[in-house]
Amino acid sequence: MHFTRSTRPSQRARSGQAGKQRDSESGLDYFGARYDSSSLGRFITADWSSVPVAVPYATLTNPQSLNLYTYVGNNPVTDVDADGHAKEANQAAPGSDCEGSMECEQQAQQAANGTPPTAQQQNQNQLTPGQQRLVGALAYSETTTGTQAEQEAIISVVVNRADSGDRQYVNRGQAVNVENVANATAPNGQREFQGVGGRNFNAFLNGPPNNPGARNAAAAAANISQHGPTNHATAFLVTRGQAPTQRQVHNLGHVHFVGRVGNVFLYAPGTQ
């Protein structure tokens with residue numbers, strides 16, 4: 001992911017909630033993983049995890065944990081949040097949930113430089129223009145007639161893989177980033193994303209074709225860049241409307257079905 005530099009440390013004061021840095025421009029308190037609004041009594045972005053899950057850090061028997069915007073489960077009198085994740089996450093080893101995450105690594109580097117990302121940047125989570133073109137081409141090559149929502153679902157899988165920090169999604173010895181995820185090859189030598197390098201993929205890279213599918217892919221890439229992934233999946237299958245076969249799903253590895261967007265079927269690691 002790409003982040004621009006944030007407000008200089010001299011413009012920030014350590015006067016926010018729980019002793020956290022307060023952004024003088026927005027009045028929000030920086031907790032590391034995200035920003036909190038003391039006036040609203042909640043975080044301004046949902047809790048997240050480097051491992052794609054439906055509801056990060058939720059305890060299904062605790063309804064308060066299902067709201068990913070609350071501060072320590074709406075119990076600030078006795079509990080505190082150390083890093084911007086849900087209360088349960090604070091019991092884990094420091095940095096354990098951020099291990100391998102590009103977003104966390106960049107935030108850590110910015111923090112080391114004294115420049116945590118601004119609230120606006122954290123909401124945008126931008127892809128570079130080159131990354132937008134790449135993931136747009138990938139999505140278009142998978143379905144040249146896809147709707148914007150279908151293209152966003154595909155692009156989200158690429159971004160989720162990159163953000164996971166999991167080296168299984170890239171070739172041996174490579175860094176886990178959008179470019180290497182998109183260009184990864186499977187053990188059998190075939191592309192992880194079969195359309196990459198093909199005619200439609202290259203046509204998009206050389207200047208998106210003037211057709212609805214290409215326009216949808218370009219719009220989808222821009223939307224994911226600005227707002228982030230639309231799902232938590234790390235694999236997908238595109239069909240012509242019918243459900244994928246058991247063999248097709250088996251070829252994805254140890255995954256379970258998490259949802260469908262049009263003709264795009266989405267899967268996440270593990271069993272449900």
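FYI, it's all coordinate maths here, none of it is from the lab. Just so it is clear, the model here is predicted, and its values are computed rather than measured. Glycine also receives a Cβ, built like all others from the backbone with ideal geometry; neighbour counts cover every protein chain displayed.
Could you let me know the centre-to-centre spacing of the range 143-183 and the range 235-259, using Cα atoms, in angstrom?
Their Cα centres are 16 Å away from one another.
Taking the Cα of A46, stepping 7 Å toward and past its beta carbon, and measuring to each backbone N in the range 226-243: which are under 15 Å?
Under 15 Å, as judged by backbone N against the label point of A46, lie 227-234 of the range 226-243.
Using amide H atoms built 1.01 Å from N in the peptide plane, name the residues 5+ places from T234, or on other chains, whose amide H lies under 5 Å from its own.
Excluding prolines and chain starts, which carry no amide H, the hits are Y267, A268.
Can you sort S39, S225 by how many other beta carbons sit within 10 Å, fewest first?
S39, S225
Under 11 Å from the Cβ of D36, count the other residues' Cβ atoms, weight Lys and Arg +1, Asp and Glu -1, and hand me the total.
+1
Quick one: D79, D163, D47, D29, fewest Cβ neighbours within 10 Å first, how do they rank? Please list the in-between numbers first.
Details: D79 12, D163 27, D47 21, D29 24.
Placing the least packed residue first, the sequence is D79, D47, D29, D163.
Percent relative contact order of the range 129-229, based on C-alpha pairs within less than 8 angstrom and at least six residues apart? If you can, show how the numbers build up before the last one.
Details: 152 pairs, mean separation 44.3, N = 101.
Reported relative contact order: 44 percent.
Using a 10 Å cut-off on Cβ atoms, rank the peptides 211-222, 235-246, 174-185 from the highest mean neighbour count down.
Output ranking for 211-222, 235-246, 174-185: 211-222, 174-185, 235-246.
Test of understanding: ordering T45, T143, T61 by Cβ neighbours within 10 Å, fewest first, what list do you get?
T61, T45, T143
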